[in-house]
């Protein structure tokens, strides 16, 4: 485990090889002591004025799920002006099929907007009301489920050789993973591979989420986070995956499907990314540019109608304290290097 962790630190420092993680000794997704359930769904929403949005909602957790398993993330975005950053939703009240969620980054400040949602008994559709008090605006909306997510949790005692050194030995070992069910054999195989990663000896948390879904494109973001005995904090990495959609068939797409990756455009796009990173005082931007050119298969990106978002793991362009930064290049910034971007509908 410790050798694997050291390799992970090295790959994070040089930007990208962490996507190529050593396979776990056990398939926790199939463990006999796992707890598994439908954790939530991604819904296509439409307001009464015709505006479209996509929202990710959690379903009730089984009572047997340990508290150490993180809650399924709830958030939403507007496809027309999406830049890769979601609006995080906090559950204000309710559970199951009737809930109230709010956009409220600071609990000391009133929510800027909120959703009151009632899902159908089969969870396939729903309706509700959106409110924005400051704008004095309220609208009804409808929902249709586009994707369902599975969640798997495995809770066990910590390995014997770590118990005496843990701050809280009662926490034990936890594997938690949620992931979308896509219905395509090759795409689901990739999702399961990422969802099952675990080389941590105390904690493994994997999240594979749909970041965009339209008739022509599906975008996935797959993150892993692990905690090992004897380390100051947990660590992890991520990958993105783009699929062209042709009826029910999904075909992996690289950056070259959306932008020219010839030498001139690689230089232009890399310079634009580095400029934004340096403007945010991220100290390793130039080093990243040297070791991770745009042809690198581990590059994390997501195309949207307005441009392309590029994301980075901790240690990739700055120290751990900088978190996971991202930059967004607009259509205008991509200029003649742009090939195609997804449509809203």
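Derivation of every value follows stated rules applied to the coordinates shown; laboratory data play no part. The structure presented is a predicted model; accordingly, all values stated were derived computationally and were not measured. When we count neighbours, we look across all protein chains shown, and the Cβ atoms used for this are built from the backbone with ideal geometry, even at glycine.
Using a Gaussian network model of the chain in which every pair of alpha carbons under 10 angstrom is joined by a spring, one finds that among 54, 207, 278 the greatest mean-square fluctuation is at 278.
Given a Förster distance of 25 angstrom, what is the FRET efficiency for residue 321 paired with residue 81, based on the Cβ-Cβ distance and rounded to 0.05? The calculated FRET efficiency here is 0.25.
The relative contact order of the chain comes to 16 percent, based on Cα pairs under 8 Å that sit 6 or more residues apart. Modelled label positions at residue 193 and residue 281, each set 7 Å beyond Cα in the direction of Cβ, lie 4.0 nm from each other.
Relative contact order of the stretch 256-337: what whole-number percent is it, with Cα pairs under 8 angstrom and at least 6 residues apart? Reported as a whole number, the value is 31 percent.
Structure remark: mean-square fluctuation, Gaussian network model of the chain, C-alpha springs under 10 Å; the largest value among 335, 200, 307 belongs to 335. Inter-part distance, the stretch 68-136 to the stretch 225-275, computed on C-alpha centroids, equals 27 Å.
In the stretch 256-337, Rg over Rh equals 0.94, where Rg is the alpha-carbon radius of gyration and Rh the Kirkwood radius from pairwise Cα distances. A straight chain from residue 136 to residue 26 at 0.36 nm per residue would run longer than the Cα-Cα distance by 34.3 nm. So the label point goes 7 Å from the Cα of residue 185 along Cα→C-beta, right? Which residues of the stretch 237-267 then have their backbone N under 20 Å from it? Label zone hits: 243-253. Here the Debye sum runs over all C-alpha atoms of the chain as equal scatterers in vacuum, and log10 of I(q)/I(0) at q = 0.08, 0.13, 0.15 Å⁻¹ comes out as -0.41, -1.13, -1.44. Full extension of the segment from residue 108 to residue 47, taken as 0.36 nm per residue of separation minus the current Cα-Cα distance, would add 19.1 nm.
The stretch between residue 122 and residue 340 holds 74.8 nm of extra length on full extension. This uses 0.36 nm per residue minus the Cα-Cα distance.
Per residue, the chain reaches -4500 deg cm²/dmol at 222 nm when only DSSP H runs of four or more residues are counted, each adding -39500 (n - 2.57). Taking the chain as a Gaussian network of alpha-carbon nodes connected by springs under 10 Å, the highest mean-square fluctuation of the residues 223, 238, 267 belongs to 267. For the stretch 35-146, the equivalent ellipsoid built from the Cα gyration tensor has semi-axes of 23, 17, 14 Å, listed from largest to smallest.
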